[in-house]
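Pasting a structure below so you can have a look.
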Amino acid sequence: MNRIYVVGIGPGEYEKMTIQAAKVLESCDVIVGYTVYVDLVKEHFAGKEFLTTPMKQEVKRCEMAFEEAMKGKTVAMICSGDAGVYGMAGLMLEIGTRYPECQVEVVAGVTAALGGAAVLGAPLIHDFALISLSDLLTPWEKIEKRLLCAAEADFVICLYNPSSRKRHDYLQKACDLMLTYKAPETVCGLVSNIGREGELMQLMTLEELRDMQVDMFTTVFVGNSQTMVVDGRMVTPRGYKMGEQA
């Protein structure tokens, strides 16, 4: 049985990759991925064969990985963060039905919500919703409904893909929707380039977030009604009484 791994490499820094992910990549003959992600791991896995495609060629990238596995090579398809969170795991499993000779194994990684939360402090201690603002594969009307429902339910909301050249005002639109149910002074946070050079975190209110300039490498955290700032860190309490056991 030909083996192919779908590997989440974490936010980008080698030290934030799981031990399992690093061991799998070390054992592989071929590493396949989006050009930006391959560049993040190349120096740590010298001697491997690397195959890349640009954005919007995800199906081709998956087929390329399976074709290499069919040659008897051990192959890894890499994704940033976790392969099962806006990653390639689902598509790989779907396409894998055309390659019954290949066995697909998904290797978990640290998604940006978790990596960014650690930088900010503890914003995700209670229930939270993870929503991508990219309408490339999801209609904006559906994203809008999810934002409104999550805000009304008082979830902490973590936003992926908050802006791009074509979607420069999407974060502003999202904030306007969330302000329907969330107070303007709701504590929010941004983390850019998580686990990479130039990592930056900022705290602000939801009202201030509305006018922030962000990019695709920024993860946005919008608190719930209980979220607060504790010594410069973003914290969402879970309700423990001081002195009680967790």
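The values are calculated or read from the model by the stated rules, or taken from the named source; none is laboratory data. Everything numeric here is computed off the predicted structure, so don't read it as measured data. Every residue, glycine among them, receives a Cβ derived from its backbone with ideal geometry; neighbour counts consider all protein chains shown. With ligands, DNA and RNA removed, areas are computed over all heavy atoms of the protein, side chains included. Shrake-Rupley method; radii C 1.70, N 1.55, O 1.52, S 1.80 Å.
Search segment 221-246 for residues being modelled with pLDDT of 95 or more and among the small types (Gly, Ala, Ser), and hand back the single one that is surrounded by the fewest Cβ atoms within 10 Å (Cβ to Cβ).
Once the filter is applied, the top-ranked residue is 232.
One line per residue, one yes/no per condition, for (1) surrounded by fewer than 20 Cβ atoms within 10 Å (Cβ to Cβ); (2) over 21 Å from the mean Cα position of the chain (by Cα):
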site: 181; (1), (2): yes, yes
site: 184; (1), (2): yes, yes
site: 205; (1), (2): yes, yes
site: 209; (1), (2): no, no
site: 215; (1), (2): yes, no
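Any chance segment 71-91 includes a residue that's touching a strand residue (DSSP E or B) at 6+ places or on another chain (Cβ under 8 Å), β-branched (Val, Ile, Thr), open to solvent by 10 Å² or more (accessible area, probe 1.4 Å) and closer than 15 Å to residue 174 by Cβ?
No - not one qualifying residue is present in segment 71-91.
Something else now. Across segment 23-45, what is the number of residues that are more than 20 Å from residue 197 (Cβ to Cβ) and of a type outside the set (D, E, K, R)?
7
Find the residue count for segment 192-201, including only residues that are farther than 24 Å from residue 166 by Cβ and open to solvent by 20 Å² or more (accessible area, probe 1.4 Å).
3
Something else about it: Tell me which of these residue 124 doesn't satisfy, since it passes every other one: (1) touching a Cys at 6+ places or on another chain (Cβ under 9 Å); (2) closer than 16 Å to residue 216 by Cβ.
Only one criterion is unmet by residue 124, namely (2).
Next question. Could you tell me whether residue 165 is open to solvent by 20 Å² or more (accessible area, probe 1.4 Å) and within 19 Å of residue 114 (Cβ to Cβ)? Steps first, please.
Working: open to solvent by 20 Å² or more (accessible area, probe 1.4 Å): yes; within 19 Å of residue 114 (Cβ to Cβ): no.
The answer is no for residue 165.
Please go through (1) in a strand (DSSP E or B); (2) touching a Gly at 6+ places or on another chain (Cβ under 7 Å); (3) at pLDDT 95 or above for residue 4 and return the number of the only condition it doesn't satisfy.
(2)
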